[in-house]
Amino acid sequence: MRIIYFSLGWVMVALGVIGLVMPLMPGTVFLIVAVACFARSSPRFEAWLLDHPTFGKPLRDWRAAGAIPRTAKAMACVGMTIGFLVFWYSVDPSLPLAVGVAIMFLACAAYVVSRPAMADGSGI
C-alpha cells in the first residue's frame with residue numbers, strides 16, 4: 001500500500017502544480033490529497049510539502065483547522081461561477097441537467113464558504 005500511496009501522492013502533486021497555473025482547476029485540493037498520501041507513505045515528502053515556502057502554509061492551515069484563506073474562498077466561488085457559465089453556454093444543457101450541475105456547484109461553494117477563514121498571504 002505504501003507504493004500506491006506514494007505514487008498517488010506524486011500524481012496529486014503533479015495535478016496540484018498544473019491546477020495552480022490553469023484557470024478553473026483547483027491546485028490546493030490536489031496538494032491536500034498529496035499530503036495525506038505522503039503521510040501514509042513518505043514522511044520526508046509530507047514534511048517537504050508542509051514546509052514548502054509557497055504551498056506549506058495553506059496545507060498546514062487546512063490540516064490544523066480545515067481553514068481556507070478568504071481570497072481562496074472568493075477565487076473558488078468565482079471559478080465555480082465561471083465554470084457553470086462556460087458549461088451553460090458551451091453545452092446548452094437541458095433544464096434538469098443545468099439545475100443538477102448548479103446544485104452541485106452551490107453545494108461545493110457552500111462547503112468552501114463554511115470553512116474557517118485563515119489569514120491571507122499564502123501564495124496559493
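Only the coordinates and a few stated rules stand behind these numbers; no lab work does. What you are looking at is a predicted structure, and each value in this text was computed from that prediction instead of being measured. Note that each Cβ is placed from the backbone with ideal geometry, even for glycine, and that neighbours are counted across all protein chains shown.
Where nothing but the Cβ of Lys and Arg (+1) and of Asp and Glu (-1) is charged, how large is the charge dipole of the stretch 2-118 around its Cα centre, in debye to the nearest 20?
The calculated dipole for the stretch 2-118 is roughly 380 debye.
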What whole-number distance in Å separates the alpha-carbon centres of the stretch 42-56 and the stretch 59-114?
27 Å
Convert each backbone phi in the stretch 26-42 into a coupling constant with the Karplus relation 6.51 cos²θ - 1.76 cosθ + 1.60 (shift: θ = phi - 60°), then list the ³J(HN,Hα) values in order as whole Hz, x for Gly and Pro.
x, x, 5, 4, 5, 5, 5, 5, 4, 4, 5, 5, 5, 4, 9, 9, 8
What do you get for the angle between helix 70-91 and the principal long axis of the chain? Use alpha-carbon atoms, 0 to 90 degrees, nearest ten.
50 degrees
Cα-Cα pairs of the chain separated by more than 27 Å (percent):
26 percent
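Given N residues in the stretch 1-64, what is its alpha carbon radius of gyration divided by 2.2 N^0.38 Å? Don't skip to the answer; put the middle values down first.
Working: Rg = 11.0 Å, N = 64, 2.2 N^0.38 = 10.7 Å.
So the Cα radius of gyration is 1.02 times the expected 2.2 N^0.38 Å.
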